[in-house]
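Read through the structure below, which is laid out as structure tokens, and then see the notes.
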Amino acid sequence: MKLAIDTETTGSRWREGDAPYYISTCDEEGNLKCWRFEVDPSTRLVLAPRKKLKEVQDYFNQYSCFVFHNAKFDLAALLALELDLRDRKISDTIFRAHIIDNRQSRKLKDLSKLYLQIDDDDEIDLLRAVKAARNFLKKDHQGKLKKLSKWKFTPGEDADAGEDGEHWMKVDAWIPGQLAMVPEVWECLPTEEVLNWTQCLERYGTRDAERTMALELLFTQYMETLPDSDRAFQIQLDALPAFMDLEKYGVSLNLENHTKAIKHHLTKSDRLIDELEELTGVEEFNPRSPNQVAAVLFDSYNLPILKTTAKGSPSTDEGTLQDLLHHSHDNKLDSEQFLRKLLAYRKNDMMLRYLGSYEDYRIGSRLYSSFNMVGTDTTRSSSSKPNMQNIGKGEEYDSSKTELYGEVAEDDYLLRKVFGPQPGRCWLDFDYDQLQLRIFAFMSQEPKLIKAFEEGWDAHNYMACQIFNTDTPTKLQRRLAKNVNFGFIFGAQEAKISAVCGDPTIWPKVNQLFPNAVHYLDAVKKHVQKTGTVNVLGYPLNVPVDPRSNKVKAYAGVVYGVQGAEGLIVKRAMKLCRDYLTSLPPRKNQKLPEGFITLLVHDELIFDLRKPANLTDLKPHAEKLKECMEQAGRDCGMVTPASGSLVTTSWDEGAEEWK
């Protein structure tokens, strides 16, 4: 029998003492049960008596399957109270919601409104009570109420702001009920308000458990009509423990390199501002100001306005700046140099924001990012606080980026330099070989592309050799071929590929050389126009709708299909790799496991292992992890080679390649 579980917590930093203060449940027959735990108001630590926790565990043991909405969060929350359900059968309505309609919001309240017509008045009531209780605590109380000055609540500037503010208000939802337990509070406030404080948390918590169970029953029935949806659902569930490990163990920072990287980019920022001021003749020029930038571009340099913002102002976003470069060549003023310096500044500024976020969120020398397994509308995951999906690979930054950003393009690799294994540990960094292009070749059944991969070709070199009829393509030819390859993935056809390549003769060659690939682009587009979906390993994934025309974005069908398959392959690989790593016997007095997945960047997996005295002893682990990643592809019907390197110092220095 199934049991839906929902938790309300003091936060999500479990290693710093956050834990659930309220647990609510609902079974398939609608039976509700909840447990409230007192919170120490001066420390915000949850006071959970052993006897009460045993009661919760005994109740859980009566059920065979546990349903959550975002199981990764609730399972970790329960673990903070030593309630471990990780080895039990789990279901997650957030995964089911993504499979049924990946375009919709996956928030519990939004789904309940859409599918169950359950309003969110309980949440509105709770947030109102929390805000009132917090405001009461902010007063300068004297006498018997002076003890309230020791109560801790989240900072007001966070709690009163937007969507994040709602989150921070909820971690304080224990406050109204506990304030109502202070007799003197009843003397200061209307009885009706204090009575509501005693009840609003229970209404909110139990209704969330009811919502979760109702969605589970509805979605389970609906998924029976979707072919192969159970396989995609199971792949997501199987990857849950691996994503929990990512958040539990985190990734290690090299603090010395991190400090050096920040100083490097701060120095570069000051230099670029000085150079921009010299070019424009504007003292205290602010490259972040759209108005100042627009004045220089369109007034001083008289460049054309290519695009406007929603408010009608001239656009100065990165894409517009790149397009303006083509117009600047004929400008008698030095607008081209200004544009390149401005792009370089913005790139450098972005690097500083990334590095700053690592400083903001690090705990000691480790970062514990939050991973959202359904954080995209495909099946790929996302991460935040901080975002770990923006750490590029040095080899990705080719001459085209250097032309745009100058020497700043080469600095992207500094992000990798600030990460690396801690003393006594080492990393195995494994990456799929051009996974998206392999998936496209498989889906389109283009024989030339399939054969090229079988023969070990680099996809971009192969494409360049074919369309330019050469055995030794130049860097420019390879770059144009790369545009063609990724044009395929993003559903580009004649007009777009001709535009990005700057050569109208390329598309006819592509059409002639790769007819199956071109036919696949057209077939997917027609299928999406007809059904609104694209096939992802058997099940239909919804393609987004353009809000302006209210028509489905048919051109996006291919990329949704490719990235949808990619996300499932990577998650399958994470499950298989974790199974292997957790099978390694642990050593005594070792804080970290023998091996674990420390980081995920799209289709790249980084494994943290104990460093042996002889590094060759890692070879069996490397071979097994490589086999697991390639097996994930075979499980999805594809050949997906992976290779990696050994990292012993910083991430940008792979010491040895493991084929």
Could you check the stretch 159-187 and list, in sequence order, the residues that are open to solvent by 60 Å² or more (accessible area, probe 1.4 Å), charged (D, E, K, R) and either within 32 Å of the chain's Cα centre (by Cα) or modelled with pLDDT of 90 or more (or both)? Asp160, Glu163, Asp164, Glu166
Determine if the stretch 236-247 includes at least one residue that is surrounded by fewer than 14 Cβ atoms within 10 Å (Cβ to Cβ) and of a type outside the set (Val, Ile, Thr). no
Taking the stretch 629-646 as the search range and keeping residues that are hydroxyl-bearing (Ser, Thr, Tyr) and in contact with a helix residue (DSSP H, G or I) (Cβ under 8 Å, 6 or more places away or on another chain), which one is farthest from Arg425 (Cα to Cα)? Thr640
Going through Leu111, Leu148, Leu116 one at a time, which residue ends up being under 14 Å from Ile175 (Cα atoms), open to solvent by less than 80 Å² (accessible area, probe 1.4 Å) and either more than 30 Å from the chain's Cα centre (by Cα) or in contact (Cβ under 8 Å) with a residue 60 or more places away in the chain (or both)? Leu148
Can you name the strands (runs of 3 or more DSSP E) wholly within the stretch 8-114 that have at least 1 residues being among the hydroxyl-bearing types (Ser, Thr, Tyr)? 20-27, 89-92
For the stretch 267-285, what are the residues that are surrounded by 13 or more Cβ atoms within 10 Å (Cβ to Cβ) and either touching a residue at least 60 places away in the same chain (Cβ under 8 Å) or not in a helix (DSSP H, G or I) (or both)? Lys268, Ser269, Leu272, Ile273, Glu275, Leu276, Leu279, Val282, Phe285
When you scan the stretch 622-632, do you find a residue that is without any contact (Cβ under 8 Å) to a residue 40 or more places away in the chain, part of a helix (DSSP H, G or I) and in contact with a strand residue (DSSP E or B) (Cβ under 7 Å, 6 or more places away or on another chain), even just one? yes
Considering every residue within the stretch 223-231, establish whether at least one is modelled with pLDDT of 90 or more, basic (Lys, Arg) and open to solvent by 30 Å² or more (accessible area, probe 1.4 Å). yes
Within the stretch 446-463, considering residues that are open to solvent by less than 40 Å² (accessible area, probe 1.4 Å) and of a type outside the set (A, V, I, L, M), the one nearest to Ala517 (Cα to Cα): Glu446
For the stretch 635-649, pairs from a residue that is on the phi < 0 side of the Ramachandran plot and touching a residue at least 12 places away in the same chain (Cβ under 8 Å) to a residue that is open to solvent by less than 10 Å² (accessible area, probe 1.4 Å) and in a loop (DSSP other than H, G, I, E, B), with Cβ under 7 Å and 6 or more apart or across chains, are Val647/Gly420; Thr649/Gly420
Criterion violated by Asn535 - all others in (1) under 27 Å from the mean Cα position of the chain (by Cα); (2) open to solvent by less than 70 Å² (accessible area, probe 1.4 Å); (3) at pLDDT 90 or above satisfied: (2)
Answer yes or no as to whether Arg587 is open to solvent by 60 Å² or more (accessible area, probe 1.4 Å) and either more than 24 Å from Asp245 (Cβ to Cβ) or not in a loop (DSSP other than H, G, I, E, B) (or both). no
I'm told Thr259 meets every condition in (1) more than 30 Å from Val647 (Cα to Cα); (2) polar (S, T, N, Q); (3) at pLDDT 90 or above except one. Can you identify the failing condition by its number? (1)
Answer yes or no as to whether Asp122 is modelled with pLDDT of 90 or more and surrounded by 15 or more Cβ atoms within 10 Å (Cβ to Cβ). yes
Before we move on, is Gly319 small (Gly, Ala, Ser), outside any loop (DSSP other than H, G, I, E, B) and modelled with pLDDT under 90? yes
At pLDDT 95 or above and either buried (at least 22 other Cβ atoms within 10 Å of the Cβ) or under 30 Å from Thr225 (Cβ atoms) (or both): is that true of Thr93 in this structure? yes
Quick one: count up the residues across the stretch 605-628 that are touching a helix residue (DSSP H, G or I) at 6+ places or on another chain (Cβ under 6 Å), open to solvent by 50 Å² or more (accessible area, probe 1.4 Å) and farther than 12 Å from Leu584 by Cβ. 0
For Gln466: the one exception among (1) at pLDDT 90 or above; (2) open to solvent by less than 50 Å² (accessible area, probe 1.4 Å); (3) more than 28 Å from the chain's Cα centre (by Cα): (2)
Give the stretch 426-445 a look and list any residue that's touching a strand residue (DSSP E or B) at 6+ places or on another chain (Cβ under 9 Å), surrounded by 23 or more Cβ atoms within 10 Å (Cβ to Cβ) and farther than 30 Å from Asn254 by Cα, or say none. Arg438
Only residues in the stretch 560-584 that are closer than 16 Å to Met373 by Cα count as the first member; pair them with residues that are open to solvent by 30 Å² or more (accessible area, probe 1.4 Å) and among the charged types (D, E, K, R), Cβ under 6 angstrom, at least 6 apart or cross-chain, and list the lot. Gln563/Arg380; Gly567/Arg380; Arg572/Asp635; Lys575/Asp238
Consider the stretch 483-532. How many of its residues are modelled with pLDDT under 90, over 28 Å from Asp230 (Cα atoms), in a helix (DSSP H, G or I) and not acidic (Asp, Glu)? 19
Pull out all pairs, ordered by first then second residue, where Cβ-Cβ is under 6 Å, the residues are six or more apart or on different chains, the first lies in the stretch 340-366 and is at positive phi and outside any helix (DSSP H, G or I), and the second is among the aliphatic types (A, V, I, L, M) and open to solvent by less than 50 Å² (accessible area, probe 1.4 Å). none
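The values are calculated or read from the model by the stated rules, or taken from the named source; none is laboratory data. Since the model is a prediction, treat every value here as computed from it, not as a measurement. All Cβ positions, glycine included, derive from the backbone under ideal geometry; neighbour counts span all protein chains shown. Keep in mind that these areas ignore ligands, DNA and RNA; they rest on the heavy atoms of the full protein, side chains included. Shrake-Rupley method; radii C 1.70, N 1.55, O 1.52, S 1.80 Å.
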